[in-house]
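Below is one structure, written out as structure tokens; the observations come after it.
The values are calculated or read from the model by the stated rules, or taken from the named source; none is laboratory data. None of these values were measured; they are calculated from a predicted model. So basically every Cβ, Gly included, is an ideal-geometry build from the backbone, and we count neighbours across all protein chains shown. Only protein heavy atoms, including side chains, enter the accessible area calculation; ligands, DNA and RNA are left aside. Shrake-Rupley method; radii C 1.70, N 1.55, O 1.52, S 1.80 Å.
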Amino acid sequence: MELNLIHSDDTYTHIALVGKLDVGGVGEIENKFLGYTAARKKSAVVDISGVNFLGSMGLRILLDAAKTLNREKKKLILLAPQPLVNEVLDASGIGDVVAIETDPAAAVALAQA
Amino acid sequence: MKETDATPDPAGKRPRVARRPLDQLFGESEAKEASKRVRSSVGRQLFEFVLEQPAAKQATISGRLLIVDNDQLSRDILSRNLKREGYTVESETDGPRAIERLGEGKFDLVLWEVGLPTLNGLDLLTRIKKDGALQHIPVVLLSEQAETENVIRCIEAGAEDYLSKPFNPALLKARIRGCMERKALRDQEQRLLATIKTQQERLTSELNEASAYLRSLLPAPVTEPYPIDWRFIPSSELGGDSFGYRWIDDDHFALYLLDVCGHGVGAALLSVAALNVLRSGAMHDTDFCNPESVLKAMNRSFQMEEQNNRYFTLWYGVYQPSTRTMTYGSGGHPPALLVIPGEPTPKKLAARGMMIGGMPGSRYVAQSSEIPPGSRLFLFCDGAYELTCADGRAYTLDEFAALLAKLPPNIPVDLDALVAQIRTLNDSKPLDDDLSLITIQF
């Protein structure tokens, strides 16, 4: 599991996840992910186009980050999920606390709003 | 009170610390000066304690040794030297008798004459290395200068060390000490391994007990009025899945399956807590005939911040025989699949709703579906279809639905065969997640 920083400034953070977001994958990036999202308390765009599997523990860290940011009136925006990952997101109901975007420019605009 | 003594506690129970190490290290006058500089009694005790450590390392290693040699002079020399070092020493002249003595289990090391007529060194080693009770006893060979070849064979066969006659006292002392230190380390390792084994056995036994308890909460398969069968295969000793079904009244049959995120003990504990609520129907202001009410109440009661940051997904349905309808709701759970006779694709009984515990005040909207006669409902967790195929491709829910649609319609579902097929689809690798699967024939 990889986590790459794309952009970071005073208004938002943009990171990309690549790999399998299962128990093992989460273990590899959890602290870094929460550091770039929940701990920074800035809206975050998380490009998940490179995530080919999203398990329950993966959902948990997305939910953790989204809830923390929501409390700070900030947003977690998931960018470009693959179809199977999108199915998992849809079934989980996590759409109530995260935004899902397919267009990078729209995702960044939402984070800066 | 003398200045150089440690201060005893009021009860006089604390051991007094002698100034001996200071004297040894610095000489009497320097020791007095050093001790004066460390003014507090606690500081002085600590100082003395630290100074005592090198001395402690030089302490004599005690142990019980058996000398086996038919040469009276050798036995006497060895015995005297080793007793002076603090060892308890006994001796024997006859090989078979010495083996019997070793079997008493009280010796830490044996010194054996390599060419002992009644049992030579090589035969001894062959014999004791096969004996579980003796194989841990280190063997030091006693040899004449001309017996080098024998000694080499014995070392290869597992002897710890050897000593040549005539004995050099300094070499004897060092080698026996080295052997005893290695023996002490091996014994310590064995004790640690035994402790780990005991703890592992206890843990396994407790996990098995917990697993049996979780299984005891699951309902038995039934044949009337609707045949229901299930399989539950946790990915570790304890799973985070659980499920159940029960009649709430004559016209409401509840069916549910929950899946706690992750698996193992933490997930199983939350799973049991939530399952017991659903089984007993004991929740304030909750209508167990109404999925929306149940999901909302479960979400209120099991917020993840209060559950060690764990949430669970839940599918909860209520079947009404009088109207042949299933009303159902979902807290982040995959849809159940309804295989209807004559229809090529199973119907997904999906409903929107956040996973249970995800957010306070989440809304859950129930759906309903007619259940035609002959329909077959499959309720399962995501572990049933989140598989990785041999080519690395992720298996999909739609593929799983197609698989279920192909099962022969007029005979009971062979769940063991279905589980075997799921394992094959996962490239016959161990399943990453718990697998729960319930089927009901309407």
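For the range B:220-240, residues that are over 17 Å from B:Val413 (Cβ atoms) and open to solvent by less than 30 Å² (accessible area, probe 1.4 Å) total 3.
When the criteria are applied in full, B:Gly329 meets the requirement of being touching a residue at least 24 places away in the same chain (Cβ under 8 Å) and among the small types (Gly, Ala, Ser). The strands (runs of 3 or more DSSP E) found entirely in the range B:228-330 that carry 2 or more residues being out of contact with any helix residue (DSSP H, G or I) (no Cβ under 8 Å at 6 or more places or on another chain) and aromatic (Phe, Trp, Tyr) are B:241-249, B:312-320. When A:Leu84 is tested against (1) open to solvent by 50 Å² or more (accessible area, probe 1.4 Å); (2) more than 20 Å from B:Gly332 (Cβ to Cβ), exactly one condition is not met: (2). Going through (1) modelled with pLDDT under 95; (2) under 30 Å from B:Leu431 (Cβ atoms); (3) β-branched (Val, Ile, Thr) one by one, A:Thr68 falls short only on (2). Within the set A:Lys74, A:Lys20, the sole residue that is away from chain B (no Cβ under 14 Å) and within 30 Å of B:Glu306 (Cα to Cα) turns out to be A:Lys74.
State all residues of the range B:91-127 that are within 14 Å of B:Ser62 (Cα to Cα) and open to solvent by 40 Å² or more (accessible area, probe 1.4 Å); if no residue qualifies, say none. Selection gives B:Lys106, B:Asp108. Please verify whether the range B:385-396 includes one or more residues that are surrounded by fewer than 19 Cβ atoms within 10 Å (Cβ to Cβ), over 38 Å from the mean Cα position of the chain (by Cα), modelled with pLDDT under 95 and not in a strand (DSSP E or B). Checking the range B:385-396: not a single residue is surrounded by fewer than 19 Cβ atoms within 10 Å (Cβ to Cβ), over 38 Å from the mean Cα position of the chain (by Cα), modelled with pLDDT under 95 and not in a strand (DSSP E or B). If you go through the range B:287-319 and keep only what is buried (at least 19 other Cβ atoms within 10 Å of the Cβ), of a type in the set (Ser, Thr, Tyr) and farther than 11 Å from B:Met355 by Cα, you end up with B:Tyr316, B:Tyr319.
Is there a residue in the range B:256-278 that is modelled with pLDDT of 95 or more, aromatic (Phe, Trp, Tyr) and either in contact with a His (Cβ under 9 Å, 6 or more places away or on another chain) or farther than 23 Å from A:Ser92 by Cβ (or both)? Taking every residue of the range B:256-278 in turn, none turns out to be modelled with pLDDT of 95 or more, aromatic (Phe, Trp, Tyr) and either in contact with a His (Cβ under 9 Å, 6 or more places away or on another chain) or farther than 23 Å from A:Ser92 by Cβ (or both).
I'd like the full set of residues that are out of contact with any Lys or Arg (no Cβ under 8 Å at 6 or more places or on another chain) and either among the charged types (D, E, K, R) or surrounded by fewer than 18 Cβ atoms within 10 Å (Cβ to Cβ) (or both), limited to the range A:10-27. Within the range A:10-27, A:Val18, A:Gly19, A:Lys20, A:Asp22, A:Gly24, A:Gly27 meet the criteria. When the test is whether a residue is in a strand (DSSP E or B) and either within 9 Å of chain B (Cβ to nearest Cβ) or open to solvent by less than 40 Å² (accessible area, probe 1.4 Å) (or both), A:Leu62 does not pass it. For the range B:172-212, the set of residues classified as under 30 Å from B:Leu142 (Cα atoms) and open to solvent by less than 80 Å² (accessible area, probe 1.4 Å) consists of B:Leu172, B:Ala174, B:Arg175, B:Ile176, B:Arg177, B:Gly178, B:Cys179, B:Met180, B:Lys183, B:Ala184, B:Asp187, listed by residue number.
Among the residues of the range B:350-368, not a single one is hydrophobic (A, V, I, L, M, F, W, C), in contact with a strand residue (DSSP E or B) (Cβ under 8 Å, 6 or more places away or on another chain), touching a residue at least 24 places away in the same chain (Cβ under 8 Å) and under 17 Å from B:Ile440 (Cβ atoms). Check the range B:408-428 and report whether any residue there is in contact (Cβ under 8 Å) with a residue 60 or more places away in the chain and closer than 22 Å to A:Ala91 by Cα. No, the range B:408-428 has no match at all. Quick test of your reading of the structure: B:Gly383 fulfils all but one of (1) away from every other protein chain (no Cβ under 13 Å); (2) small (Gly, Ala, Ser); (3) in contact (Cβ under 8 Å) with a residue 60 or more places away in the chain. Name the failing condition by number. It is condition (1) that B:Gly383 fails. Among residues of the range B:249-267 that are of a type in the set (Val, Ile, Thr), those with a Cβ under 9 angstrom from a residue that is part of a strand (DSSP E or B), sequence gap 6+ or separate chain, pair up as B:Val260/B:Asp241; B:Val260/B:Ser242; B:Val260/B:Phe312; B:Val260/B:Thr313. Residues that are closer than 15 Å to B:Leu397 by Cβ and surrounded by fewer than 20 Cβ atoms within 10 Å (Cβ to Cβ) were ranked within the range B:344-363; the one that is nearest to the other protein chains (Cβ to nearest Cβ) is B:Ala350. B:Asp285 satisfies every condition listed in (1) more than 39 Å from the chain's Cα centre (by Cα); (2) free of Cβ contacts under 8 Å to residues at least 40 places away in the same chain; (3) within 28 Å of A:Val88 (Cβ to Cβ) except (3).
Among the candidates B:Gly121, B:Gly132, B:Gly158, which residue alone is of a type in the set (Gly, Ala, Ser), in contact with a helix residue (DSSP H, G or I) (Cβ under 9 Å, 6 or more places away or on another chain) and under 20 Å from B:Glu100 (Cβ atoms)?
Numbers: B:Gly132 fails: in contact with a helix residue (DSSP H, G or I) (Cβ under 9 Å, 6 or more places away or on another chain); B:Gly158 fails: under 20 Å from B:Glu100 (Cβ atoms).
When all the criteria are applied, what remains is B:Gly121.
Of the residues examined, B:Gly331 is one that is within 12 Å of another protein chain (Cβ to nearest Cβ) and either under 26 Å from B:Val413 (Cβ atoms) or in contact with a strand residue (DSSP E or B) (Cβ under 7 Å, 6 or more places away or on another chain) (or both).
Test B:Arg246 against the criterion of being farther than 18 Å from B:Gly332 by Cα, touching a residue at least 60 places away in the same chain (Cβ under 8 Å) and away from chain A (no Cβ under 14 Å), and give yes or no. Answer is no for this residue. On the basis of being away from every other protein chain (no Cβ under 11 Å) and more than 13 Å from the chain's Cα centre (by Cα), does A:Gln82 make the cut? Considered against the rule, which asks whether it is away from every other protein chain (no Cβ under 11 Å) and more than 13 Å from the chain's Cα centre (by Cα), A:Gln82 comes out as no.
From the list B:Pro341, B:Pro321, the lone residue that is farther than 16 Å from B:Phe380 by Cβ, away from chain A (no Cβ under 14 Å) and modelled with pLDDT of 95 or more is B:Pro321. The residues of the range A:28-50 that are open to solvent by 10 Å² or more (accessible area, probe 1.4 Å) and in a strand (DSSP E or B), listed by number, are A:Asp47, A:Ser49, A:Gly50.
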